[in-house]
Amino acid sequence: MWRDFRYAARSLRHSPTFALAATLALGLAIGANATIFSLVDGLWFRPSGFTNVDRSVRIFSTTETSRQGRWSFPEYLALRDGTTSFSGVTACGRRGTFFPTESGGQELTLLNVVSLDFFEALGIVPAHGRVFGSGDEAALEIQPGVVLGHAFWRRRFGGDPAVVGRTVRIGAGTPVLVTILGVLPASFRELDAATDRDLWVPPVTWRRMGNAEDFQNRAFRWFDVVAIRRADVSVGAADAEVRALAAAFAREFPAMSAGRSARAISDFDYRTESGGTNAMALIALVLFVALITCVNVANLMLSRAASQSRELAVRVALGAGRRQLLRQTIAESALLGAAGTGAGLLVAMWLIRLLPVLVVQPPGFRSFLWFGVDGRVLAFTFVAAMAITLLAALAPAWAIARGNVGALIKTGPTMAGPGRRGGRLGSVLVVAQVAVSLALLSSAGVLARSFVETGRADLGFARRPLLTAWVASGSLPPATTELAVQRLSALPGVRAVAIAIRAPLSLSGGGLAQRVQVPGGSTPAAGESPDVKYGAVSADYFDIMGIRIAEGRAFTNDDERPGEPVVVISEQFAARFFAGHGSLGKVVRLGGPEGVEHRVVGVARNAVINRIGEAPEPYFYVPYRRGTYGELTFLLDTTRDGAVAATAVRETLKQIDPRLEPRQLVTMDQYLRFSASDYQATAVLATALGVVGLLLTAVGVYGVIAYRTTRRTREIGLRMALGATRRQVLGLVIGEGGRLVLRGLVIGLPAALLTTRLIRSLLFGVQPWDATAFGGATTLLVVTVITATLVPAWRATRVTPSMALRETR
């Protein structure tokens with residue numbers, strides 16, 4: 001075998017053009033595969049740093065509209081104490097707080113509130129110091145503690161181990177003195193691959209920070225639950241147990257748990273589900289590129305085998321058999337695969353560095369994404385390289401195995417053996433290449449059109465140059481907020497100012513929600529009070545946001561003063577709870593069975609809440625100044641880019657009251673771009689893969705047509721001798737390429753329709769069979785392929801009868 005490799009290396013050195021073309025094609029495919037895997041792995045599939053990740057289970061609260069709901073702390077305690085399938089049941093709730101800076105100010109930090117046994121149940125060992133455990137509650141009551149995330153520790157304290165034991169004050173309003181207990185290892189960042197947390201605290205510390213009510217309300221669901229399954233219990237058995245417990249919750253607490261169930265899934269299934277269609281679509285598209293590459297390299301190898309027919313004939317005459325020829329083909333494929341793998345890794349290392357630029361960062365927060373060539377990416381790359389190389393070698397190996405190698409001695413390269421059989425197989429491979437390329441380009445076109453639509457679709461509110469200033473102020477006197485609105489309105493370039501708890505699309509996880517009952521209305525189930533998201537807004541909020549009132553009216557200044565409670569509901573709210581029977585003047589009870597009745601004064605158009613592309617859901621608005629929320633967002637309608645006014649807004653609010661210093665200043669355009677980032681990233685990646693596939697297809701078609709034209713030199717010369725014109729010869733060669741393309745399009749169109757239908761959930765504002773995308777993909781493919789045939793066609797017109805005579809010798 002070693003001799004075969006040496007011979008293959010010498011043979012490839014004598015064919016540098018072929019070796020370079022095959023290596024580049026393999027390198028592009030392998031590099032693209034590695035890059036997409038790094039992206040998908042970094043966003044969804046990279047495992048958490050648990051010790052017991054193989055037995056970890058995610059437990060979700062479910063409803064008709066949500067399969068990954070959270071739990072309240074009382075519900076978590078009931079899960080922990082009422083199940084036997086797990087060796088540990090932990091809770092993790094995401095929150096934010098403020099950490100002192102070296103300059104004396106405060107920075108917004110991301111914090112996880114986790115159950116006391118969280119770290120020990122998941123087997124997480126600290127890098128420095130210690131973590132809290134189930135026996136630390138009494139000590140933490142006396143002196144609250146905090147554990148630092150590894151990235152935060154390096155960024156904020158420069159990686160100094162001596163920070164362990166130090167005390168700091170954290171929190172808004174009246175900060176709490178806490179002790180830094182330890183630092184988490186770099187291998188553990190969060191429960192999800194693309195996230196991280198700065199601080200980790202137990203419930204007792206969060207209570208001391210003034211949040212005791214967060215653990216008392218059974219309807220306040222903000223905890224993710226992760227459990228470690230016992231070795232002798234299957235995931236199915238654990239799932240059955242939590243479903244039974246959820247049914248018991250519904251019977252015992254019908255007002256808060258009716259219509260709710262539960263499910264338990266493995267950590268791997270959770271990651272696959274989180275990646276969803278987006279991850280699968282990217283993987284499928286890059287596999288299309290790999291398939292086109294396999295066909296491309298196979299065609300190159302077939303053409304080379306045909307051009308070496310005389311050499312093969314000599315080897316056969318000297319006693320070489322079919323097995324030896326196959327070994328030679330495999331050796332060449334292995335060398336090309338090794339070279340392609342090296343080139344692919346270089347391509348991947350370059351492309352992976354560009355991924356953070358491609359992914360839009362969350363406005364107002366640091367990015368925690370990490371993409372790199374680690375062991376997982378290397379392992380995947382080598383497996384992909386082996387698969388692509390083997391598939392590319394199948395066609396030439398099959399041609400040799402099926403060919404009559406003995407006939408080579410008698411007939412030469414033009415009549416038998418791998419050349420003739422390879423020519424037919426080459427045509428089949430070109431047709432397949434065109435078909436796959438059409439499916440790839442059509443998918444890229446539909447995804448690109450979808451992203452374009454996110455920039456011009458009706459979202460329920462106007463696309464205006466708004467600046468949002470989020471303030472975590474605690475309770476401020478109404479006079480202070482009124483003064484802030486007046487001062488901000490007087491700033492240059494500011495037309496108007498409104499107030500809300502949070503802005504739409506502001507990464508708030510859906511915002512706040514309340515239990516809702518409609519006396520005499522069509523509440524979904526008897527005794528059920530569903531959670532409905534809401535916003536508390538000032539009277540001019542609807543004008544500034546451009547949210548149209550479909551029926552009735554918006555809030556007035558009188559509605560913000562003590563008096564009859566009023567509410568504005570969305571169209572989806574009216575459709576669900578009033579079923580088209582008219583909602584104006586009707587009563588809605590907010591806060592559950594014991595809540596306060598509000599009269600409906602208006603119906604607003606549906607508007608997006610969390611992200612572009614979400615399904616409309618019930619929503620309602622209440623006057624901001626009639627409640628106490630501990631935070632507010634100023635929304636400034638500006639005459640120019642809101643970011644320009646950010647400094648003036650910050651200084652103005654700080655001068656009024658230090659508690660009004662904004663924690664985040666973000667333009668609505670930034671929120672819109674981040675909300676559309678998934679569509680953008682998928683469109684850009686799909687377009688890039690489509691271009692790569694198109695180029696590979698063009699090269700493949702060129703190679704086959706050029707090879708077949710060369711083999712027809714005698715025929716073309718004879719045609720020229722008998723009076724054929726250059727135009728006729730040109731049409732002959734282009735027509736051959738056109739027939740191959742037409743067959744590929746006929747096969748590729750159904751495949752493209754099926755592919756775009758499978759990615760339907762990724763589309764926004766366009767249909768899977770979008771005519772513009774399909775027409776553009778078809779036109780681009782036809783033009784590119786016909787262009788690829790022009791060079792061999794032009795060479796064919798240069799053939800003369802004397803050249804044909806020389807070919808016969």
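Within the stretch 613-679, the proportion of C-alpha pairs whose separation exceeds 14 Å stands at 71%. Enter the angle in degrees (range 0 to 90, nearest 10) between the Cα long axis of helix 478-489 and the first principal axis of the Cα atoms of the chain, meaning the one along which they spread out most. So the helix axis and the longest Cα principal axis differ by about 40 degrees.
Expressed as an acute angle from 0 to 90° and rounded to the nearest 10, what is the orientation of the C-alpha long axis of helix 375-402 relative to the principal long axis of the chain? Long axis of 375-402 versus the principal axis of the chain: about 30 degrees. As a ratio to 2.2 N^0.38 Å, the alpha-carbon radius of gyration for the stretch 93-144 is 1.38. Within the chain, antiparallel bridges make up roughly 80 percent of the DSSP beta bridges whose residues both belong there.
Is the shape of the stretch 210-257 best called rounded, prolate or oblate, per the rule: a/c under 1.5 gives rounded, else a/b larger than b/c gives prolate, else oblate, with a ≥ b ≥ c the square roots of the Cα gyration tensor eigenvalues? Taking the square roots of the gyration eigenvalues as a ≥ b ≥ c, the stretch 210-257 is oblate. The alpha carbon gyration tensor of the stretch 172-249 gives principal lengths a ≥ b ≥ c with a/c of 1.5 or higher and a/b no greater than b/c, which makes the shape oblate. Let a ≥ b ≥ c be the square roots of the eigenvalues of the Cα gyration tensor of the stretch 574-717; is it rounded (a/c under 1.5), or, if not, prolate (a/b larger than b/c) or oblate? It is oblate, given that a/c is not under 1.5 and a/b is not larger than b/c. Note on ALA751 and ARG10: the extension gain reaches 262.6 nm, defined as 0.36 nm multiplied by sequence separation minus the Cα-Cα distance. Applying a DSSP loop filter and a limit of 14 other Cβ atoms within 10 Å to the trypsin sites (Lys or Arg not before Pro) in the stretch 56-141 leaves ARG67. For the stretch 521-655, the spread of Cα coordinates along the three principal axes comes to 52, 36, 24 Å, biggest extent given first.
Put simply, the convex hull of the Cα atoms in the stretch 114-257 casts, on average, a shadow of 10.9 nm².
Computed over the stretch 5-139, the quotient of the alpha carbon radius of gyration and 2.2 N^0.38 Å is 1.80. Shown here is the pair-distance distribution of the stretch 683-795: with all Cα-Cα distances grouped in 10 Å bins from zero up to the longest one, the shares run 12, 37, 26, 15, 8, 2 percent. With a cut-off of 9 Å between beta carbons, the residues surrounding VAL204 carry a summed charge of -1, where Lys and Arg count +1 and Asp and Glu -1. Across the chain, counting alpha-carbon atoms alone, Rg and Dmax equal 33.3, 106 Å. For the stretch 441-494, dividing the convex hull volume of the Cα atoms by the residue count gives 143 Å³ per residue. Taking every C-alpha pair closer than 8 Å and separated by at least 6 residues, the mean separation divided by the residue count of the chain gives a relative contact order of 16 percent. Enclosing the Cα atoms of the stretch 120-173 in their convex hull gives a volume equal to 113 cubic angstrom per residue. Applying 1/(1 + (r/R0)^6) with R0 = 35 Å to the Cβ-Cβ distance of LEU177 and LEU483, what FRET efficiency is obtained, to the nearest 0.05? Once rounded, the FRET efficiency stands at 0.60.
Across the accessible surface of the stretch 1-149, with the other protein chains kept in place and a 1.4 Å probe, carbon and sulfur atoms take up 55 percent. Per residue, the stretch 46-88 exposes 45 Å² of solvent-accessible protein surface, assessed with a 1.4 angstrom probe and all protein chains in place.
The spacing between the stretch 665-744 and the stretch 1-49, judged by their C-alpha centroids, is 23 Å.
The values are calculated or read from the model by the stated rules, or taken from the named source; none is laboratory data. For clarity, every value in this text was computed on a predicted model and none was experimentally measured. Positions of Cβ are backbone-derived with ideal geometry, glycine not excepted, and every protein chain shown enters the neighbour counts. Accessible surface areas use protein heavy atoms only, side chains included; no ligands, DNA or RNA. Shrake-Rupley method; radii C 1.70, N 1.55, O 1.52, S 1.80 Å.
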